[in-house]
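Asks: I'd like to ask some things about the structure below.
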Amino acid sequence: MSEANIGMIKTGLHHWWPKGLSGFWVGDDDCVTRITPQGTELRSPPAKFGGITNGHAIKLGGPWSYSFESKFDAVDSRLPYLTTELLAFEAKPSNDTESIKDRLEAHAVSEEFLREIGLTLASLIVRSPRHRNTIALTTEYYRSRMGFSEPEVSKNLINMNLAHKFDLIGPNFSGGKYIIAYSDECEFIFGDGFYTNMAHEHSIGHQKTVTPITPVMTVIYTKPTRYSTQPKLMTIRLTKQEVLSFNDLVQIYSKDQLFYRSQKPVLAESFVRQEFLEFRYHEVPWLEGFLADAHQFRG
């Protein structure tokens with residue numbers, strides 16, 4: 001539905017985990033497993049997961065209601081093809097005796113291709129339950145400061161704050177570098193949150209996002225304040241321990257839901273707490289070292 005069709009909003013399930021992406025997480029039974037902090041598991045077709053009823057709709061009554069679901073249509077329609085293209089890049093074999101920079105491989109790609117990756121990451125940030133939670137907490141804080149007797153925010157108010165965030169965050173994914181990280185030894189997990197310090201219109205300092213895209217691939221965006229601009233896209237094949245470290249990040253930045261294909265993760269204390277946690281200033285020592293080493297690579 002177009003945003004122009006104001007006042008004609010029907011109730012619908014809007015996916016924060018797009019179906020074109022969650023489909024890559026199915027096992028032999030065409031299902032994916034969701035696990036809660038209590039350890040409860042549900043295995044189901046992926047389209048059943050990662051959705052919020054009217055998550056991208058603003059229902060104000062009368063002719064003022066509208067939906068911004070169409071903002072994500074272009075990204076979502078390309079997701080299956082973009083993901084397949086990202087999976088096709090070559091990468092050196094994993095080797096835990098070599099440094100990160102010695103294991104990287106450079107690839108020449110178009111600026112349009114890089115832009116497409118960036119918009120995909122931005123759309124996932126904006127739609128994620130973690131981001132919705134941040135908006136809710138921030139809005140409740142200011143409503144309380146303003147003297148509202150009931151500062152708790154409604155879904156409509158959250159959605160009104162979300163409606164234009166994609167347009168504001170998307171441009172931040174420009175000028176940096178992408179690392180496509182693959183795994184042969186164990187699987188990545190996904191969750192209702194993931195590591196990023198780019199969920200604001202004006203990101204400062206070292207901009208970083210780490211997004212699991214499939215059980216065998218995670219996409220990393222990195223843009224320090226000073227760095228060599230080339231190469232703009234690199235690939236690496238991770239060791240098992242590195243994959244587990246990235247999975248720990250997902251558990252820390254998630255709250256209610258983790259997803260896996262066939263390898264059940266050991267639930268970390270951070271996830272069992274059932275809170276959206278984060279590192280102070282989003283500074284993760286091992287990740288900072290990983291990215292610093294990657295930025296020494298000149299292709």
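Asks: If you take the residues of the stretch 71-92 that are part of a loop (DSSP other than H, G, I, E, B) and out of contact with any strand residue (DSSP E or B) (no Cβ under 6 Å at 6 or more places or on another chain), which of them is surrounded by the fewest Cβ atoms within 10 Å (Cβ to Cβ)? Give the derivation first.
Replies: Residues of the stretch 71-92 that are part of a loop (DSSP other than H, G, I, E, B), as a first pass: 88-92.
Narrowing the set further to residues that are out of contact with any strand residue (DSSP E or B) (no Cβ under 6 Å at 6 or more places or on another chain) leaves 88, 90.
Working: 88: 7, 90: 9.
Checked the stretch 71-92; the qualifying residue surrounded by the fewest Cβ atoms within 10 Å (Cβ to Cβ) is 88.
Asks: Give the stretch 235-259 a look and list any residue that's part of a helix (DSSP H, G or I), of a type in the set (A, V, I, L, M) and within 14 Å of residue 187 (Cβ to Cβ), or say none.
Replies: Restricting attention to the stretch 235-259, the residues satisfying the condition of being part of a helix (DSSP H, G or I) are 240-253.
Those still in the list that are of a type in the set (A, V, I, L, M) too: 243-244, 249-250, 252.
Answer for the stretch 235-259, where residues must be part of a helix (DSSP H, G or I), of a type in the set (A, V, I, L, M) and within 14 Å of residue 187 (Cβ to Cβ): 243, 244, 250.
Asks: If you don't mind, another one. I'm checking my understanding of the structure. Among residues of the stretch 180-222 that are under 23 Å from residue 26 (Cβ atoms) and of a type in the set (S, T, N, Q), which one is farthest from the chain's Cα centre (by Cα)?
Replies: Looking at residues that are under 23 Å from residue 26 (Cβ atoms) and of a type in the set (S, T, N, Q), I get 183.
Asks: Scan (1) over 25 Å from residue 205 (Cβ atoms); (2) out of contact with any helix residue (DSSP H, G or I) (no Cβ under 8 Å at 6 or more places or on another chain) for the single condition residue 227 breaks and write down its number.
Replies: (1)
Asks: Find all pairs meeting these conditions: Cβ atoms under 6 angstrom apart; at least six residues apart or on different chains; first residue within the stretch 212-233 and modelled with pLDDT of 95 or more; second residue among the charged types (D, E, K, R) and in a loop (DSSP other than H, G, I, E, B).
Replies: 215/187; 215/261
Asks: Now for a separate question. Could you tell me whether residue 271 is in a loop (DSSP other than H, G, I, E, B) and not small (Gly, Ala, Ser)?
Replies: Working: in a loop (DSSP other than H, G, I, E, B): no; not small (Gly, Ala, Ser): yes.
It is false that residue 271 is in a loop (DSSP other than H, G, I, E, B) and not small (Gly, Ala, Ser).
Asks: For the stretch 196-208, which residues satisfy the criterion of being surrounded by fewer than 23 Cβ atoms within 10 Å (Cβ to Cβ) and on the phi < 0 side of the Ramachandran plot?
Replies: Matches in the stretch 196-208: 197, 198, 199, 200, 201, 202, 203, 204, 206, 207, 208.
Asks: Looking at 112, 116 in this structure, which one is surrounded by 12 or more Cβ atoms within 10 Å (Cβ to Cβ), more than 30 Å from residue 29 (Cα to Cα) and either at pLDDT 95 or above or touching a Lys or Arg at 6+ places or on another chain (Cβ under 6 Å) (or both)?
Replies: Step by step, each of 112, 116 is checked, and only 116 is surrounded by 12 or more Cβ atoms within 10 Å (Cβ to Cβ), more than 30 Å from residue 29 (Cα to Cα) and either at pLDDT 95 or above or touching a Lys or Arg at 6+ places or on another chain (Cβ under 6 Å) (or both).
Asks: Looking at the stretch 39-70, which of its residues are at pLDDT 70 or above, part of a loop (DSSP other than H, G, I, E, B) and out of contact with any Leu (no Cβ under 9 Å at 6 or more places or on another chain)?
Replies: Hits for the stretch 39-70 are 40, 45.
Asks: Among the residues of the stretch 162-185, which ones are surrounded by fewer than 19 Cβ atoms within 10 Å (Cβ to Cβ), at negative phi and part of a loop (DSSP other than H, G, I, E, B)?
Replies: Matches in the stretch 162-185: 163, 164, 174, 184, 185.
Asks: Okay, moving on. Where residues in the stretch 252-280 are over 17 Å from residue 130 (Cβ atoms) and among the hydroxyl-bearing types (Ser, Thr, Tyr), which of them is surrounded by the fewest Cβ atoms within 10 Å (Cβ to Cβ)?
Replies: 262
Asks: Any idea which of (1) part of a loop (DSSP other than H, G, I, E, B); (2) modelled with pLDDT of 90 or more is the one residue 10 doesn't satisfy?
Replies: Tallying (1) part of a loop (DSSP other than H, G, I, E, B); (2) modelled with pLDDT of 90 or more, residue 10 fails exactly one: (2).
Asks: For the stretch 243-278, how many residues are free of Cβ contacts under 8 Å to residues at least 24 places away in the same chain and closer than 24 Å to residue 178 by Cα?
Replies: Of the residues in that region, 1 qualify.
Asks: Turning to a different aspect of this structure: Regarding residue 262, is this residue at pLDDT 95 or above, of a type in the set (Gly, Ala, Ser) and touching a strand residue (DSSP E or B) at 6+ places or on another chain (Cβ under 8 Å)?
Replies: It is false that residue 262 is at pLDDT 95 or above, of a type in the set (Gly, Ala, Ser) and touching a strand residue (DSSP E or B) at 6+ places or on another chain (Cβ under 8 Å).
Asks: Same structure, new question: Does residue 281 qualify as being within 17 Å of the chain's Cα centre (by Cα) and under 17 Å from residue 196 (Cβ atoms)?
Replies: Values: within 17 Å of the chain's Cα centre (by Cα): no; under 17 Å from residue 196 (Cβ atoms): yes.
Judged against the criteria, residue 281 is not a match.
The values are calculated or read from the model by the stated rules, or taken from the named source; none is laboratory data. Note that the structure is predicted; figures quoted are calculated from it, not measured. Positions of Cβ are backbone-derived with ideal geometry, glycine not excepted, and every protein chain shown enters the neighbour counts.
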